[in-house]
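Colleague: The structure follows.
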Amino acid sequence: SKTSLLQCTSDPLLSGGCSHSQDAGVECEAPCFTGDLRLAGGNLANEGRVEVCVNNQWGTICDDLWDTNDANVACMILGFSDTNAVAFSNAHFGAGTGEIFLDGLGCTGSESSLLDCSKSSTVSCYYGHSEDAGVRCHDDTIGSVCNYGDVRLVGGSHQYEGRVEVCIANQWGTVCSNSWDSTDATVVCKDLGYAFTNVATPRTNAYFGAGTGPIYMEDVTCSGSETSLLQCSSDPLLSGGCSHSQDAGVKCEAPCSDGDLRLAGGNVANEGRVEVCMDNEWGTICDDGWGTSDAN
């Protein structure tokens, strides 16, 4: 019950009955161990912001390149199924605190720890904890692959583009591209947190490959104010007037394009840390050999 060691009873100080060979020590219980994972901020046990332990401290993961493969590995480590995980970005389950330990993950699916996945050598999460990665794991005991209204992009070359799939009744399905336009596409990108300043690019006729399963929506008409695709008007579900050769897709605005440069951290516009864009993600440049010619 004591709050200080000196509140405990002991023999008089400097009694002479002890030597430093008998100095006492203690091993306290650490909050976590390197490589441990936990989910935070979700409404169910199988979803939340992914937090990883490094050096006995909990921290978050930047969502740069965060995708289904990374999410599946995280879910497997947490004891859930290693398939059908849904990856979330842009602090979908709320922003964490503390360190951001991992960035630019590239798991293959065979790893037993997220720390075994390829990753950026340095963390360059420009928007901080607003980019915290999250996940919803498939749990056979819960029986939910996805939540009603969830949207994901499939088949693109990066996370900002792909075939649009929407969740209804715990099952993923596609959207017919009849009447599919930039307003509809922008609603999808905003829902995913991928719209920055410009409108999104709609893709039609299975541009990112034909999906499978049900086709849930056709003749979608969004006004642009909706926060979910299911809030947009559309023809009745499963009306039968569309095939997967007409699946709708979208190309959302990525944070940057390969080769772009920006300056960060300076006090005025013409100075700062040099950051370069590769694979639609910002990163930094090592200063080995960096000189005036490179700066010019």
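The values are calculated or read from the model by the stated rules, or taken from the named source; none is laboratory data. On a predicted model such as this, the values are computed, not experimentally measured, just so you know. All Cβ positions, even for glycine, are placed from backbone atoms using ideal geometry, and neighbour counts span all protein chains on display. Note: areas computed on protein heavy atoms with side chains; ligands, DNA, RNA excluded. Shrake-Rupley method; radii C 1.70, N 1.55, O 1.52, S 1.80 Å.
Colleague: Percent of alpha carbon pairs in the range 31-98 separated by more than 19 Å?
Modeller: Tail of P(r) above 19 Å: 27 percent of Cα pairs.
Colleague: Could you give the radius of gyration (one decimal) and Dmax (whole number) of the Cα atoms in the range 31-168, in Å?
Modeller: Taking only Cα atoms of the range 31-168, I get Rg and Dmax of 13.9, 41 Å.
Colleague: Here is a further query. On C-alpha positions alone, give me the angle between the axis of helix 182-192 and the longest principal axis of the chain, in degrees, nearest 10.
Modeller: 20 degrees
Colleague: Can you find, among N55, P31, G224, the residue farthest towards the positive end of the dipole of the chain? Put +1 on the C-beta of Lys and Arg, -1 on that of Asp and Glu.
Modeller: Positive-end residue among those listed: G224.
Colleague: What is the dipole size for the range 172-276, taken about its Cα centre, with +1 at each Lys and Arg Cβ and -1 at each Asp and Glu Cβ, in debye to the nearest 20?
Modeller: It works out to roughly 180 debye.
Colleague: Oh, and also: If I measure Cβ to Cβ between cysteines in the chain, which ones have no partner under 4.7 Å?
Modeller: Cysteines lacking a close Cβ partner in the chain: C8, C18, C28, C286.
Colleague: What translational diffusion coefficient, to the nearest whole µm²/s, does the range 160-296 have by Stokes-Einstein, given a Kirkwood radius computed over alpha-carbon pairs, a temperature of 37 °C and 0.692 mPa s viscosity?
Modeller: So the translational diffusion coefficient is about 193 µm²/s.
Colleague: Still on this structure, please answer the following. In the chain, with Lys and Arg counted as +1 and Asp and Glu as -1 at Cβ, which of these residues, S120, T204, S243, has the Cα nearest the positive end of the dipole, that is, farthest along it?
Modeller: Result: S243, furthest along the dipole toward the positive end.
Colleague: On to the next question. Using just the helices of the chain, give the 222 nm mean residue ellipticity in deg cm²/dmol: DSSP H runs with n ≥ 4 each add -39,500 (n - 2.57), and the total is spread over all residues, rounded to 500. Don't jump to the answer; show the numbers that get you there.
Modeller: Details: 3 runs with 25 residues, N = 296.
Roughly -2500 deg cm²/dmol at 222 nm, from the helical runs in the chain.
Colleague: Taking N as the number of residues in the chain, what is its alpha-carbon radius of gyration divided by 2.2 N^0.38 Å?
Modeller: Relative to the 2.2 N^0.38 Å estimate, the chain comes out at 1.29.
Colleague: Can you sort H138, H92 by solvent-accessible area, 1.4 Å probe, largest first?
Modeller: H92, H138
Colleague: Still on this structure: When the solvent-accessible surface of protein heavy atoms is calculated with a 1.4 angstrom probe, in what order do I285, I61 fall, highest first?
Modeller: I285, I61
Colleague: Can you tell me the accessible area per residue over the chain, all protein chains present, probe 1.4 angstrom, in square angstrom?
Modeller: Details: 15940 Å² over 296 residues.
Result: 54 Å² of accessible area for each residue.
Colleague: Determine the dipole magnitude for the chain: charges of +1 sit on the beta-carbon of Lys and Arg, -1 on that of Asp and Glu, nothing else is charged, the reference point is the Cα centre, and the result goes in debye to the nearest 20.
Modeller: The calculated dipole for the chain is roughly 440 debye.
Colleague: Let me ask you something else. Using the Cα gyration tensor of the range 124-229, with a ≥ b ≥ c the square roots of its eigenvalues, what is the shape: rounded (a/c below 1.5), prolate (a/b larger than b/c) or oblate (neither)? Spell out each step's value before the answer.
Modeller: Values: a/c = 1.61, a/b = 1.03, b/c = 1.57.
Oblate.
Colleague: Using 0.36 nm per residue, how much length does the chain from T108 to H244 gain when fully extended, once their Cα-Cα distance is taken away?
Modeller: 46.1 nm
Colleague: So what's the gap between the Cα centers of the range 76-109 and the range 246-290, to the nearest angstrom?
Modeller: 22 Å
Colleague: For I285 and N56, what does the FRET efficiency come to when R0 = 41 Å and r is the distance between their Cβ atoms, rounded to the nearest 0.05?
Modeller: Here the calculated transfer efficiency is 0.85.
Colleague: Report, in degrees rounded to the nearest 10, the 0 to 90 angle that the Cα long axis of helix 68-77 makes with the longest principal axis of the chain.
Modeller: 40 degrees
Colleague: With a 1.4 Å probe and all protein chains left in place, how much of the accessible area of the chain comes from carbon and sulfur atoms, in whole percent?
Modeller: The C+S portion of the solvent-accessible surface of the chain is 48 percent.
Colleague: Let me ask something additional. At each listed q (0.11 Å⁻¹), what is the log10 of I(q)/I(0) that the Debye formula gives for the range 1-64 modelled as equal alpha-carbon point scatterers?
Modeller: Values returned for q = 0.11 Å⁻¹ are -0.55.
Colleague: Right, something else. Can you list the aspartates and glutamates whose alpha carbon sits under 20 Å from that of K2, skipping same-chain ones fewer than 8 residues off?
Modeller: D11, E27, E29
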